[in-house]
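Derivation of every value follows stated rules applied to the coordinates shown; laboratory data play no part. Computed from a predicted structure; not experimentally measured. In this analysis, Cβ positions are derived from the backbone assuming ideal geometry, glycine residues included, and neighbour counts consider all displayed protein chains.
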Amino acid sequence: MTKQGVHETIKAKAAEYGFIAEESNWGINGLVIREDGESTVNFLITEHCDGDWENRKVNITLQVRASIATMGGNPSADELLKAADTIRRAAQLVKALDDENLTYQETF
């Protein structure tokens, strides 16, 4: 898979679970995942590299993780249910992306 292919896979899966993945100058690998509006979940995309330095190639694997942001305040039952749904969808997205081979190769 190419870097662009990995990005497209992440974007498609994010949309499938109701999140937005977009190109950005912020974040690792130029891609961020977010929720439209105020978010109860933070996403982190990390890179893990395995290099074949003699042949000037590196395999880069992206890993997506999520954590719960601070909600604070005195949320209503509806707000708690909405947060719970967002957390569920985020967990499903991370699981779905774990099941993909988000690896691409670069030559330097």
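Looking only at the stretch 39-74, filter to residues that are in a loop (DSSP other than H, G, I, E, B) and over 23 Å from the mean Cα position of the chain (by Cα); which one of those is surrounded by the most Cβ atoms within 10 Å (Cβ to Cβ)?
Selected residue: Arg56.
Name every residue in the stretch 75-94 that is surrounded by 13 or more Cβ atoms within 10 Å (Cβ to Cβ) and of a type in the set (Gly, Ala, Ser), in order of residue number.
Correct list: Ala83, Ala90, Ala91.
Assigned to a helix (DSSP H, G or I) and either under 24 Å from Lys3 (Cβ atoms) or free of Cβ contacts under 8 Å to residues at least 40 places away in the same chain (or both): does that describe Arg88?
yes
From the residues in the stretch 95-108 that are touching a Lys or Arg at 6+ places or on another chain (Cβ under 7 Å) and exposed (fewer than 12 other Cβ atoms within 10 Å of the Cβ), which one is farthest from Ile60 (Cα to Cα)?
Phe108
When Glu22 is evaluated against the numbered criteria (1) assigned to a helix (DSSP H, G or I); (2) free of Cβ contacts under 8 Å to residues at least 40 places away in the same chain; (3) surrounded by 11 or more Cβ atoms within 10 Å (Cβ to Cβ), which criterion, by number, is the only one it fails?
(1)
Out of everything in the stretch 92-108 that is among the hydrophobic types (A, V, I, L, M, F, W, C) and not in a helix (DSSP H, G or I), what residue ends up being nearest to Lys13 (Cα to Cα)?
Leu102
Tell me which residues, restricted to the stretch 25-38, are surrounded by 12 or more Cβ atoms within 10 Å (Cβ to Cβ) and of a type in the set (D, E, K, R).
Arg34, Glu35
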